[in-house]
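**Q** What follows is a single structure, and I will ask about it in a moment.
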Amino acid sequence: MTTDVKNTGSVVAPRRAPGESLRQGRRRRGGVRKVLQHALLVVVGVLMIYPLLWMLVGSFKPNDLIFLSPGLIPEEITLEHYTNGWNGLTYPFGRYILNSAIIVLGALIGNLVSCTTAAYAFARLSFRAKPVLFSAMLLTLMLPIHVLIVPQYIMFTSIGWVNTFLPLIVPKFLAVDAFFVFLMVQFFRGIPRELEEAARIDGAGYWRTFLQVMLPLTVPALATTAIFTFIWTWSDFYTQLVFLTKPETQTVSVALRNFVDATSESNWGALFAMSVVTLIPLFVVFLVGQRFLVKGIATTGLK
Amino acid sequence: MAVVEEFRHLRDARGTRGPRRRRTDAERKEERAAWSFLFPWFVGMVLITLGPMIASLVLSFTDYNLLREPSWVGVENYERMLGDARLHKSLGVTFTYVLVGVPLQLATALFLAMVLNRGLKGLAFYRSVYYLPSLLGGSVAIAVLWKQLFGVNGLINQVLGFFGVTGPGWISNPETALGTLVLLHVWTFGSSMVIFLAGLRQIPDMYYEASAIDGAGRWRQFRSITIPLLTPVIFFNLVLQIINAFQSFTQAFVVSGGTGGPVDSTLFYTLYLYQRGFTDYQMGYASAMAWLLLLIIGAFTAINFLVSKYWVHYDD
Amino acid sequence: MQRGIRAAALLTSVSLALAGCAGGDEGTGEGGDDGQVTLRFAWWGVDSRHAMTEEMIDLFEEQNPDITVETEPGTWDAYWDALATKAATGEMPDVVQTVDPYVLEYGRNGQLADLTQFGDVLDLSPYGEAILTDSSEDGKVWGVPGGLTTYSVWTNPDVVEEAGLEMPDDDTWSWEDYAELTTEVPEAVPDAVGSGQMSFYAEPFTLFARQHGEQLWSDDGGLGFSKETLVEWWEYVADLTESGGMLSPERSIEENTHDGDAFARGEMAFKPGWATQLGQVGALNDEVDLQLLRMPGEDGAEARGDWVKPSMHYSIAESSEHKEAAARLIDFIVNSPEAGAILGADRGLPPNPEVLAEIQGDLGVADQKAAAYLAERLAEPENPRPLPPEGASEINAIFLRLSQEVLYGNLSPDAAADQLIAETEAAIG
């Protein structure tokens, strides 16, 4: 993978683990400073995620105590919200997690395949319609979804796709997420042309060059796309609501709303508990993936 | 910034290749290859974006309540926008939100990105924790969490009460409600922070080392190295965040219970558009509103690109 | 004129043809060969309602093996936009839960089937004309009530007593009495609140206007009340809020959109609300003998102010291919005691008197109070309400917004009334 780059002598990304620094050795100062920095980060972090911590604690409190205190130490601990929340809806909550996971997986593969190829064409190949198409691509970033949804719904209904996962997955295979096309374009532009040209001189076609030379270099950017796709698809609400109406097809973000209703009593405890459950995969994905994320964008050459 | 370069590049490409000149075989081959790469994107563009987009443009000239066939009304919807006081109010709210919220969010994201850049153990964990609020995004739980913070008896007022100050009901007072949503926007700074982190990674250490030898302090390094070299990334974030902020919907929808209240003080443009389209069933009017929004965002983006010449620094 | 629209239609079909998948079987077209029919049924609610409804449907499917019901439960805040999107494509579920004035809006636009066509299959005889007012026009009935309710004042006698006050006589109390009582509550008990906010919904004002011999809508589809009445109403509410008798606008907004209701916590004496929703205050019902009182001002009013209305309806989509089966499902839901026993009073009290009589003994304490209160109201002579015109649903949002303007002091009641009249007339224009 990236060893190829090293061999050719060009440096695509600084190969340095997070937390390492060239300056570190020179700037090493007493441990006191480090401890202070950590303390500050912890305090600010706790303040920052106080609402989330409160929700976490609330998910373990009996319903009538949730709103009584703003403190983070529960007086009484119960797991009933987790069991009630998990089993409280038409299907066990695992079903909704599975549905979300299927959609996320489909969207992920779709974005990885289609946005990459489109971006490669925009970044590296010349063709006559490029200025027009590139502007059109930027323009699609600016469209509010709420007005497109009605014509889209009409279209997906007439081909019988409503209440299947297809309207949420197939568009991803058609690279409708312009953000990622844009991101990948930036990335490809950061890769030295010489690598490609060498391959071309060896007689490789455009597709072979793309697959064998460019794709291996894009791994960090692919990771970026994958993580953002995961997070955004997982928490997307509106399109999932409109296209999936049967309980067996519903996703976590839609199912969560069933705990809250303006016209009758809300089950806050269950909502908190299941919100925590749905946040865990997101947190883990980010925790694991953030290394690639930071690396991925760093190599896109955002300038 | 690549986008600017891109445009420059595209313009040049057009210049060097006049329409008269016959294209070579290689060029034609490249063109064919380009289309094979673009094919899925192009199909998606036409079917899923362009088609519905044109449909909504057509609908914007009709009276359409979703329940009956649309009927043509010409520019009536656009004329009505001129005299619609709530629309003007929603524009005011949205502009305030964008112009205050975006810079604040970017400043926060940049500051934390610099703190979390390097040099400490456990940064991966800290970054993930600081990203957490962004994961929660527009969840339904936000409504009640925000009340817990900013309600009449919320945490903020309890802290203020400790100092003998009686705070208002921040989310239910028309004077302060928008402010709490701006804070919510600032709070979800995660994605911008990640992009800033990436940008910081790109600044070669030798610049700092050289300036340290010259005796520059941290503040001067920040002003004369970090900021200038980071302007392309700042610009990238600015463009995308402005586009996003103009389209903000979920936060106001969730926190105000869909009303945009109190008294329209959090009536985001898209929220009003949604109310018109899906609560009052005036899809023709909502479509016209969408096109106005598209024009506004387009104008902002264009201005952004124009102004960027004066403050964004490029290496090359 | 129509060319543009046709162009849009053309464009859509061209897109479909390009996709190579135009035309189509939507997957709902179950062939009638074996007589098996699949119905789609959509409603809104929370998880507890979803569970009850699914249970009721299981029973229906057991008794009607030729019908399968696919359920589409939803939440209120997303129900009407999703339904409209489906209506736009002729894909409405066969059976839909509706509410006024949407039921009229959909009916008038040809989206709902006339329920009188099903004869014995869907028995409408238990429902009087007054009960069907909200869902019928020109002899067509677009919805069967799924529950009944009426406006009342939820009352916590413990708070009244703690404040050293007598429980009022709700047959005779006036608006002045209400103002006095509610103002005295916080004076006597600093942590308590006298009254819930009355001006965030149009219903209390509608009742007030009717007591003045007016209506919300006129017979010819315009506004049915005078500006003076509206100004008087807002002045009353603003004064009461000012004097501390009524919950402040800030806290009212929080309770409106969020959780943590002062009444449910036992800190409020009077709260205007739907009688059948008293059960929602939850545990408080076990601790306090809560009462349902009449809204003030009925005694000596020019006309009766309150009214009994359906809390929601069941309707059949005009686009449905299985209307007869849909009618059977609705008949089961509203007319069979077995279904009634499962659903209880969750959607309001059963409008079919036989069903109500059958299940009344099994209702919870709050629902029993509501049933008794409702029976008294049903026994009184009606003051019929004119139908809302098209676009009428907008008045709720307008009313809420302008009430807040008045309560925050941004607009005088007089200016707000002018604005409400202008905006509402534009909406129903």
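The values are calculated or read from the model by the stated rules, or taken from the named source; none is laboratory data. In this text the structure is predicted, and so the values were computed from the model without any measurement. Cβ coordinates were reconstructed from backbone atoms using ideal geometry, including for glycine residues, and neighbour counts include every protein chain displayed. Note: areas computed on protein heavy atoms with side chains; ligands, DNA, RNA excluded. Shrake-Rupley method; radii C 1.70, N 1.55, O 1.52, S 1.80 Å.
**Q** I need the full set of residues from the stretch B:109-131 which are assigned to a helix (DSSP H, G or I) and touching a residue at least 12 places away in the same chain (Cβ under 8 Å), in order please.
**A** B:ALA109, B:LEU110, B:LEU112, B:ALA113, B:MET114, B:ARG127, B:TYR130, B:TYR131
**Q** Checking C:ARG265 against (1) within 14 Å of chain B (Cβ to nearest Cβ); (2) crowded, with 21+ Cβ neighbours inside 10 Å, which test does it fail?
**A** (2) is the only condition that C:ARG265 fails.
**Q** So, one more: In the set C:PRO93, C:PRO73, which member is at pLDDT below 90, open to solvent by less than 20 Å² (accessible area, probe 1.4 Å) and outside any helix (DSSP H, G or I)?
**A** Working: C:PRO93 fails: at pLDDT below 90.
Within the list C:PRO93, C:PRO73, the selection yields C:PRO73.
**Q** Hey, another quick one. I need the full set of residues from the stretch C:208-246 which are under 20 Å from C:LEU407 (Cα atoms), in a loop (DSSP other than H, G, I, E, B) and open to solvent by 10 Å² or more (accessible area, probe 1.4 Å), in order please.
**A** C:SER243, C:GLY244
**Q** For C:GLY110, work out the one condition from (1) of a type outside the set (A, V, I, L, M, F, W, C); (2) assigned to a helix (DSSP H, G or I); (3) within 9 Å of chain B (Cβ to nearest Cβ) it doesn't fulfil.
**A** (2)
**Q** Taking the stretch A:134-152 on its own, how many of its residues are over 26 Å from the mean Cα position of the chain (by Cα) and more than 7 Å from every other protein chain (Cβ to nearest Cβ)?
**A** Selection size over the stretch A:134-152: 0.
**Q** Please work out which one of (1) over 30 Å from A:ALA121 (Cα atoms); (2) within 22 Å of the chain's Cα centre (by Cα); (3) open to solvent by less than 10 Å² (accessible area, probe 1.4 Å); (4) within 11 Å of chain B (Cβ to nearest Cβ) is the condition A:SER253 fails and give its number.
**A** (3)
**Q** Let me ask something else. Could you tell me whether the stretch A:199-208 includes any residue that is buried (at least 19 other Cβ atoms within 10 Å of the Cβ), at positive phi and facing another protein chain (nearest Cβ under 10 Å)?
**A** no
**Q** Still on this model: In the set C:LEU59, C:LEU83, which member is closer than 19 Å to C:ILE342 by Cα, assigned to a helix (DSSP H, G or I) and aliphatic (A, V, I, L, M)?
**A** Unique residue meeting the criteria: C:LEU59.
**Q** Sticking with this structure for a sec: Failed condition for C:GLU255, given (1) modelled with pLDDT under 95; (2) in a helix (DSSP H, G or I); (3) more than 30 Å from A:ARG257 (Cβ to Cβ), with all others met?
**A** (3)
**Q** Yes or no: the stretch C:129-144 includes at least one residue that is facing another protein chain (nearest Cβ under 10 Å), among the acidic types (Asp, Glu) and either closer than 30 Å to C:ALA262 by Cα or touching a Leu at 6+ places or on another chain (Cβ under 7 Å) (or both).
**A** No, because not a single residue in the stretch C:129-144 is facing another protein chain (nearest Cβ under 10 Å), among the acidic types (Asp, Glu) and either closer than 30 Å to C:ALA262 by Cα or touching a Leu at 6+ places or on another chain (Cβ under 7 Å) (or both).
**Q** Please verify whether the stretch B:296-307 includes one or more residues that are within 26 Å of B:LEU135 (Cα to Cα) and either aliphatic (A, V, I, L, M) or surrounded by fewer than 19 Cβ atoms within 10 Å (Cβ to Cβ) (or both).
**A** yes
**Q** Do you know which of the residues in the stretch C:157-172 that are part of a helix (DSSP H, G or I) and of a type in the set (Asp, Glu) is least open to solvent (accessible area, probe 1.4 Å)?
**A** So in the stretch C:157-172, the residues part of a helix (DSSP H, G or I) come out as C:157-162.
Add one more test, that the residue is of a type in the set (Asp, Glu), and what stays is C:158, C:161-162.
Numbers: C:ASP158: 79, C:GLU161: 134, C:GLU162: 128 Å².
Selected residue: C:ASP158.
**Q** Is at least one residue of the stretch C:391-413 touching a strand residue (DSSP E or B) at 6+ places or on another chain (Cβ under 8 Å) and open to solvent by 20 Å² or more (accessible area, probe 1.4 Å)?
**A** Kept after step one, since they are touching a strand residue (DSSP E or B) at 6+ places or on another chain (Cβ under 8 Å), are these residues of the stretch C:391-413: C:392.
Right, trim to open to solvent by 20 Å² or more (accessible area, probe 1.4 Å) and you get none.
Checked the stretch C:391-413: no residue is touching a strand residue (DSSP E or B) at 6+ places or on another chain (Cβ under 8 Å) and open to solvent by 20 Å² or more (accessible area, probe 1.4 Å).
**Q** I'd like the residue in the stretch A:257-285 that is of a type in the set (A, V, I, L, M, F, W, C) and open to solvent by less than 10 Å² (accessible area, probe 1.4 Å) and, out of all such residues, is farthest from A:LEU89 (Cα to Cα).
**A** Of everything passing the filter in the stretch A:257-285, A:LEU282 is farthest from A:LEU89 (Cα to Cα).
**Q** Condition first: more than 9 Å from chain A (Cβ to nearest Cβ) and modelled with pLDDT under 85. Now tell me which residues in the stretch B:224-252 satisfy that.
**A** Hit for the stretch B:224-252 is B:GLN251, nothing else.
**Q** Can I ask one more? In the stretch A:153-176, which residue that is more than 9 Å from chain B (Cβ to nearest Cβ), assigned to a loop (DSSP other than H, G, I, E, B) and touching a helix residue (DSSP H, G or I) at 6+ places or on another chain (Cβ under 6 Å) is surrounded by the fewest Cβ atoms within 10 Å (Cβ to Cβ)?
**A** Looking at residues that are more than 9 Å from chain B (Cβ to nearest Cβ), assigned to a loop (DSSP other than H, G, I, E, B) and touching a helix residue (DSSP H, G or I) at 6+ places or on another chain (Cβ under 6 Å), I get A:PHE165.
**Q** Being touching a Pro at 6+ places or on another chain (Cβ under 8 Å), open to solvent by less than 10 Å² (accessible area, probe 1.4 Å) and not in a loop (DSSP other than H, G, I, E, B) is the filter here, so list the residues in the stretch C:274-311 that pass it.
**A** C:PRO310, the sole residue that qualifies.
**Q** Here is a further query. Please state which one of C:ALA392, C:ALA427 is assigned to a helix (DSSP H, G or I) and either of a type in the set (A, V, I, L, M) or more than 11 Å from every other protein chain (Cβ to nearest Cβ) (or both).
**A** C:ALA427
**Q** Among the residues that make up the stretch C:393-412, is at least one of them hydroxyl-bearing (Ser, Thr, Tyr) and either in contact with a helix residue (DSSP H, G or I) (Cβ under 6 Å, 6 or more places away or on another chain) or over 20 Å from C:PHE208 (Cα atoms) (or both)?
**A** Residues of the stretch C:393-412 hydroxyl-bearing (Ser, Thr, Tyr): C:393, C:403, C:408, C:412.
From the residues that got through so far, the ones that are either in contact with a helix residue (DSSP H, G or I) (Cβ under 6 Å, 6 or more places away or on another chain) or over 20 Å from C:PHE208 (Cα atoms) (or both) too are C:408.
Yes: one or more hits.
**Q** Could I ask something else about it? Can you name the number of the only condition in (1) on the phi > 0 side of the Ramachandran plot; (2) buried (at least 22 other Cβ atoms within 10 Å of the Cβ); (3) within 14 Å of chain B (Cβ to nearest Cβ) that C:GLY45 fails?
**A** In the conditions (1) on the phi > 0 side of the Ramachandran plot; (2) buried (at least 22 other Cβ atoms within 10 Å of the Cβ); (3) within 14 Å of chain B (Cβ to nearest Cβ), C:GLY45 misses (3) alone.
**Q** Ok, one more. Under 6 Å by Cβ, and 6 or more places apart or on different chains, what pairs join a residue from the stretch A:46-68 that is more than 7 Å from every other protein chain (Cβ to nearest Cβ) with one that is open to solvent by 10 Å² or more (accessible area, probe 1.4 Å) and in a helix (DSSP H, G or I)?
**A** A:LEU56/A:VAL276; A:SER59/A:VAL276; A:ILE66/A:TRP268
**Q** Give the stretch B:174-202 a look and list any residue that's more than 18 Å from the chain's Cα centre (by Cα) and surrounded by fewer than 22 Cβ atoms within 10 Å (Cβ to Cβ), or say none.
**A** Answer for the stretch B:174-202, where residues must be more than 18 Å from the chain's Cα centre (by Cα) and surrounded by fewer than 22 Cβ atoms within 10 Å (Cβ to Cβ): B:PRO174, B:GLU175, B:THR176, B:LEU200, B:ARG201, B:GLN202.
**Q** Quick check: anything in the stretch B:183-193 under 30 Å from A:PHE187 (Cα atoms), at the interface with another protein chain (Cβ under 9 Å from one of its Cβ atoms) and out of contact with any Phe, Trp or Tyr (no Cβ under 8 Å at 6 or more places or on another chain)?
**A** The answer is yes; a qualifying residue exists.
**Q** Okay, moving on. Evaluate the stretch C:133-147: report whether one residue or more is buried (at least 16 other Cβ atoms within 10 Å of the Cβ), at pLDDT below 95, of a type in the set (S, T, N, Q) and not in a strand (DSSP E or B).
**A** yes
**Q** Starting from residues that are under 27 Å from the mean Cα position of the chain (by Cα) and part of a loop (DSSP other than H, G, I, E, B), keep the ones in the stretch B:33-84 and report whichever is surrounded by the fewest Cβ atoms within 10 Å (Cβ to Cβ).
**A** Top of the filtered list is B:ASP84.
**Q** Tell me which residues, restricted to the stretch B:21-45, are modelled with pLDDT of 90 or more and aliphatic (A, V, I, L, M).
**A** Residues satisfying the conditions are B:ALA33, B:ALA34, B:LEU38, B:VAL43, B:MET45.
**Q** Check A:GLY85, A:GLY94, A:GLY110 and return the single one that is more than 7 Å from every other protein chain (Cβ to nearest Cβ) and at pLDDT 95 or above.
**A** Just one listed residue meets the conditions, A:GLY110.
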